[in-house]
Structure formats: structure tokens, C-alpha cells
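Structure first, commentary second.
The values are calculated or read from the model by the stated rules, or taken from the named source; none is laboratory data. Predicted model only: the values in this text are computed from it and were never measured. Quick reminder, even Gly has a Cβ in these numbers, built from the backbone with ideal geometry, and neighbours come from all protein chains shown. Just the protein is used for accessible areas: all its heavy atoms, side chains included, with ligands, DNA and RNA removed. Shrake-Rupley method; radii C 1.70, N 1.55, O 1.52, S 1.80 Å.
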Amino acid sequence: SDGSIRLHQMTSEYPLMQWNNSTKGQPVIALQWALTRPAVFFALDASSNIYIWDLLENDLLPVAKQTIPSEKVVTMTLLGEPEKANGLLGIVLAKESGQIDIQYVKKKWALP
């Protein structure tokens, strides 16, 4: 609820990494690992900002931020085929009106 993100290992109650105020205090409402690239995850905050984290490129800050200005996004999920090396990765956004929007991610964050 405070915008913090923690990375845990299943064998420990303490986080391996913790990013405080990663969304400038906005609650994180969805977070998901990329299906095609294990070091990348996406976070959606309550202000409809999507943060892309690539831990191989930068483990301190997100590598990109995209604001969805048209309408409030209430949740997101990712789609892709991890068994294929084509690097297709999409973000499915559910908006407050019930509209669904699919956006594809740049290859550099999607390729295995």
C-alpha cells in the first residue's frame, strides 16, 4: 500500500531486495514477472503507471515507466509464450469502464 516492492526467496521470511517508495508512494495494485524473460517484472500503481524493472540492467530503479492517461487501469496481467523464443510479450490492461487494452512490450524486455 505504500509503494514498496520486496523480492523474497521461498526459504526465508526476509526479502532479498526491497525497493521502498518505488512508485512515489502510490499503492501497487498488480505485479507480475515477465513470462518470457525471468529478470523482468512489471508493476502497476493506483495512478495507472506501469513500471518495468529489468534486474539485469538496473536493480535499483525501474528501467521504464509508462502512464496510461486515458482512463484508470484497475488491473493488469501479462500474456506470452515462454516456450517460444519469438519474444512476444503483451500487457493486458483492464480499465475502470470495463474496456480491455492489449499492448505489446518492446523486444528488449521480452526476448529470453
### Query
Tell me, in nm to one decimal, what length is gained between Lys65 and Lys107 on full extension, where the rule is 0.36 nm per residue of separation less the Cα-Cα distance?
13.5 nm
#### Entry: Distance in nm between pseudo-label sites at Ala39 and Ser97 (7 Å out along the Cβ direction from Cα)
3.9
### Query
What pairs in Lys72/Lys107; Lys24/Lys65; Lys65/Lys106; Lys65/Lys95; Lys24/Lys107; Lys24/Lys106 have C-alpha atoms more than 21 Å from each other?
Lys72/Lys107; Lys24/Lys107; Lys24/Lys106
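Based on the Cβ-Cβ distance of Thr11 and Leu88, what FRET efficiency does E = 1/(1 + (r/R0)^6) give at R0 = 25 Å, to the nearest 0.05?
Computed FRET efficiency for Thr11 and Leu88: 0.15.
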### Query
Say R0 is 30 Å: what FRET efficiency, to the nearest 0.05, do Thr77 and Glu57 get from their beta-carbon distance?
0.85
### Accessible area in the full protein assembly, largest first, 1.4 Å probe, for Arg37, Arg6
Arg6, Arg37
### Task
Would you mind getting the accessible area per residue of the chain, heavy atoms of the protein chains only, 1.4 Å probe, in Å²?
59
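Can you send over the carbon and sulfur percentage of the accessible area for segment 8-73, probe radius 1.4 Å, protein chains only? The partial results should precede the final answer.
Details: 2080 of 3830 Å².
That share works out to 54 percent.
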### Task
For segment 5-109, report the translational diffusion coefficient in µm²/s to the nearest whole number, using Stokes-Einstein at 10 °C, 1.306 mPa s, and a Kirkwood Rh over Cα pairs.
110
